Amino acid sequence: MSIVINVKLDVKKIEKERLYQGSKGTYLDAAVILYEQPDKYGNDGMIVQNVSKEERAAGKKGTILGNVKYATKKEKTDDLPF
């Protein structure tokens, strides 16, 4: 089974110093955080910039870049982690 997730990303919120050059392009480390239930706007999760281990230890959180929604709602199964 495939799960399709649509992402809306505000590129103006990307902290440019977090971009890095890879062998095939310019990249940004980010994470998708999925909610157990949709929020009041119908979003199924959010996408945030990753921060370093040291920054997390100091209490810094990644900037929220946008929201995610399932393109098609999934059936809840025991083999999925969410």
Report task. Count, please, the residues in the range 1-39 that happen to be outside any loop (DSSP other than H, G, I, E, B), under 22 Å from Arg56 (Cα atoms) and among the β-branched types (Val, Ile, Thr). Result -> 2
**Report entry** the range 6-27 residues that are under 28 Å from Ala71 (Cα atoms), paired with ones that are of a type in the set (D, E, K, R) and outside any helix (DSSP H, G or I) (beta carbon under 9 Å, 6 or more apart)
**Finding:** Asn6/Lys69; Val7/Lys69; Lys8/Lys69
Requested in this report: Tell me, please, whether a residue that is at pLDDT below 95, surrounded by 11 or more Cβ atoms within 10 Å (Cβ to Cβ) and polar (S, T, N, Q) can be found in the range 52-59.
Outcome: yes
Report summary line: Quick count over the range 38-51, residues being closer than 18 Å to Leu9 by Cα and either surrounded by fewer than 13 Cβ atoms within 10 Å (Cβ to Cβ) or touching an Asp or Glu at 6+ places or on another chain (Cβ under 8 Å) (or both), is 6
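Suppose we keep only residues that are touching a Lys or Arg at 6+ places or on another chain (Cβ under 9 Å) and modelled with pLDDT of 60 or more within the range 63-81. Which one would you say is farthest from Ala31 (Cα to Cα)? Give the derivation first.
So the first thing to find is which residues in the range 63-81 are touching a Lys or Arg at 6+ places or on another chain (Cβ under 9 Å), and the list is 63-69, 80.
With the extra rule that they be modelled with pLDDT of 60 or more, the set shrinks to 63-69.
Details: Thr63: 10, Ile64: 10, Leu65: 10, Gly66: 11, Asn67: 11, Val68: 11, Lys69: 14 Å.
Top of the filtered list is Lys69.
The values are calculated or read from the model by the stated rules, or taken from the named source; none is laboratory data. It should be emphasised that the depicted structure is a prediction, and the values quoted were computed from it without experimental measurement. No Cβ is skipped: glycine too gets one built from the backbone with ideal geometry, and neighbour counts run over all protein chains shown.
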